[in-house]
Structure formats: structure tokens, C-alpha cells
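Working notes, structure below.
Read the figures in this text as sums done on the coordinates, not as results from a lab. Values in this document were obtained by computation on a predicted structure and should not be read as measured data. Glycine also receives a Cβ, built like all others from the backbone with ideal geometry; neighbour counts cover every protein chain displayed.
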Amino acid sequence: MADTEELAKGYTARNDTQYGAGTFLIQKLGINPGMRVLDVGCGPGNLTAHLAEIVGDEGSVVGIDPSKERVALAIQRRTARLSFHEGIAEDLSRFPESSFDVVFVNSTLHWVQDQPRAIKEFARVLRPGGRLGISGGSGDYTTAQETIKANVLGREPYRQYQEEFPPRFLKQEELERLLQEANMFDTTFFINKIVKKTKDADEMIDWLDTSSSGKTYGGTPLDLRPRAREEMKAEWNKMKTERGIQMEMELLVTVAFKS
Ligand SMILES: C[S@@+](CC[C@H](N)C(=O)[O-])C[C@H]1O[C@@H](n2cnc3c(N)ncnc32)[C@H](O)[C@@H]1O
């Protein structure tokens, strides 16, 4: 299912977890006034606007995202130093080589279908010495969300509907190899341990849904989704305590330099 205006607006209101992860990445990257930054998979642009404040009047920030619904929201934040385009990580051909000091990729790489090609594009548009920052779910850590999704969608009648482009969380060693192949060096990895807290299962699923542009249900047809949601809710409710639901996550945070 494609993205919708409702999901895009929902994400704009519920992206505090990704925003927090993004500020951790900004700290590790060391973004300074005057820098030219590309935000890949910028979504509705909350973090992109924050990046623009950091780089100030001497710097510039460009956000790209394939979702026209999310870019339409982001464009409302446009300024002389902050612009947005529809586009995918795998094709940054609108940007000349060496045109950015920083490429920033937050909570997005797992949705990119051709990750090796995207990482080569990140390297191409970075100036020599420029830095790439990536933060997102790790292939070395399985979250409750992945377990619940696989469990429910592995049942009848959902199991016959394969997800066309499932998320792919890279392991640290896989990412390290792709960075080397793209001539990115001096790579540092950090693990950002966070806990996603919601008051109940509905709030958790709504967050997952708006974050993934509706991919919580994989390839499940629209008419079966309410039923799948109820089964997922039952699984989340097994984790519920008087403090609500808490999902532990270990984000893989990467900083690498272009040689
Ligand atoms: C969870 S959102 C993250 C948005 C923003 N970076 C943030 O941290 O709030 C993931 C974003 O990745 C975008 N996306 C999906 N496939 C992509 C691709 N191939 N290239 C770039 N962005 C992509 C989605 O449209 C969505 O806006």
C-alpha cells in the first residue's frame, strides 16, 4: 500500500522517537554552522528543519523523500536555506558530485531497496572529507515489533500475501562492507539503546503504521488488515504492564568519512 496523507500527518505528530534518535545522530556527526547537509528520507521534515537551524544562514539543507504526501508537508517548512524534493536514496542524480559536507540518513535505510547503490550515491555527493551519518534499526538486534509482525503475518490467512519490499535491517558487518566498497573510511559505530513507550497496543500500532507508511501489515490486503491488527494487538497486550507497553530497541548509529 502506498503512503497516504493521513499516515503522513500522523507521523508528523508522532515522530518523537525518530526525532530523539536523529538528535543523537546529529551529536555524533558534529554538524556545524555553514555546512551543506542532505537529509535522505526526510519525511515531513521535522528533523530537516532542525538541521537548518543548526547550519544557520551560512549553511543549507536539502531534504529528499519518495513520499509525495510527506514532501508536501515538508515543503511548508521551506526557507531560502531549506528545500525539499521528491526522490529516492538510490538516485541522487539531481545533485552534482561533492556537493554536500554531510549526508544524514535517519530511520530510513531499512526501507531503501538497493542499499549498496544508495551508499555509493551518498559517497558520490559528499565532498572529500565529508561525513555520512546513518541511524536506524540493526540487523544484529530483533525488536518485539519484528517478532510480532512475523508471528501474526506467518499465520493463516495472511501468510500467502508476501510483502513486496520488506524492510531490511543491515548488520554492522554488512554495513561496514558496503561503506568500504563505496570508499567511505574511518567508520565509527555506536549502539543507541532506546525504549519506545506507549500507553497501549493501539498507540504502538499507530506509531508503527505512520512510521512505515502502512507497512505494519506487510502484503496483507486492505480488507484483512483490521483482523491482522486485532491479532497484533493481542500480542502487544501480552507485554502490557501498569506502565503501558515498552519496546526495547538497539539502533545502529554510523559515522563514516569520504576519503
Ligand atoms: C520513519 S521515516 C523517517 C523520516 C525522517 N528521516 C525522520 O527521522 O523523522 C522513513 C522515511 O523513509 C522514506 N523512504 C522510503 N524509501 C526510501 C528510499 N528508497 N529513499 C529515501 N527515502 C525513503 C519514507 O518515505 C519515510 O519518509
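Please list, ordered by chain and number, the residues whose modelled amide H lies under 5 Å from the amide H of L170; skip anything fewer than 5 residues away on the same chain.
G139
Tell me the mean residue ellipticity at 222 nm calculated for the chain from its helices only (DSSP H runs of n ≥ 4, each -39500 (n - 2.57), averaged over every residue, nearest 500).
Working: 9 runs with 96 residues, N = 259.
Helix contribution divided over all residues of the chain: -11000 deg cm²/dmol.
Report, in debye and to the nearest 20, how large the dipole of the chain comes out about its Cα centre when Lys and Arg carry +1 and Asp and Glu carry -1 on their Cβ. Walk me through the numbers on the way to the answer.
Numbers: 34 positive and 39 negative charges, 51 e Å.
Computed about the Cα centre, the dipole is about 240 debye.
For the stretch 12-27, what does the Karplus curve 6.51 cos²θ - 1.76 cosθ + 1.60, with θ = phi - 60°, yield as ³J(HN,Hα) per residue in whole Hz, taken in order and with x for Gly and Pro?
4, 8, 10, 9, 4, 5, 5, 4, x, 5, x, 5, 4, 5, 4, 4
Beyond 17 Å, how much of the Cα-Cα pair distribution for the stretch 97-179 remains, as a whole percent?
When all Cα pairs of the stretch 97-179 are counted, 56 percent exceed 17 Å.
Taking the Cβ of each residue in L25, L224 as the centre, tally the other Cβ atoms inside 10 Å and list the residues starting with the fewest.
The fewest-first ordering by Cβ neighbours comes to L224, L25.
If r is the Cβ-Cβ distance from S259 to D16 and R0 is 45 Å, what FRET efficiency results, to the nearest 0.05?
0.80
For the stretch 5-258, what is the percent of antiparallel DSSP beta bridges, rounded to the nearest 5?
Values: 22 of 41 bridges.
Approximately 55 percent, going by the DSSP bridge assignments.
If you take the Cα atoms of the chain, find Rg, then find the Kirkwood Rh from the mean of 1/r over all pairs, what is Rg/Rh?
0.97
For a 21 Å ceiling on Cα separation, which of these pairs sit above it: K193/K215; K9/K68; K149/K215; K149/K199; K120/K171; K197/K240?
Those over the limit are K193/K215.
Taking amide H atoms as placed 1.01 Å from N in the peptide plane, list the residues 5 or more away in sequence, or in a different chain, whose amide H sits under 5 Å from that of G130.
K258
Counting other Cβ atoms within 10 Å, keep those with at most 13, restrict to DSSP loop, and tell me which trypsin sites (Lys or Arg not before Pro) in the stretch 126-197 are left.
Numbers: sites: R131, K149, R155, R159, R168, K171, R177, K193, K196, K197; in loops: R155, R168, K171.
Taking the stretch 126-197 and a limit of 13 other Cβ atoms within 10 Å, the loop trypsin sites (Lys or Arg not before Pro) found are R155, K171.
Test of understanding: what is the full-extension gain from E6 to A72, defined as 0.36 nm times their sequence separation minus their Cα-Cα distance?
Length difference between fully extended and current span is 22.5 nm.
Rounding to the nearest 20 debye, state how big the charge dipole of the stretch 1-153 is about its Cα centre with +1 on each Lys and Arg Cβ and -1 on each Asp and Glu Cβ.
Result for the stretch 1-153 is approximately 220 debye, rounded to the nearest 20.
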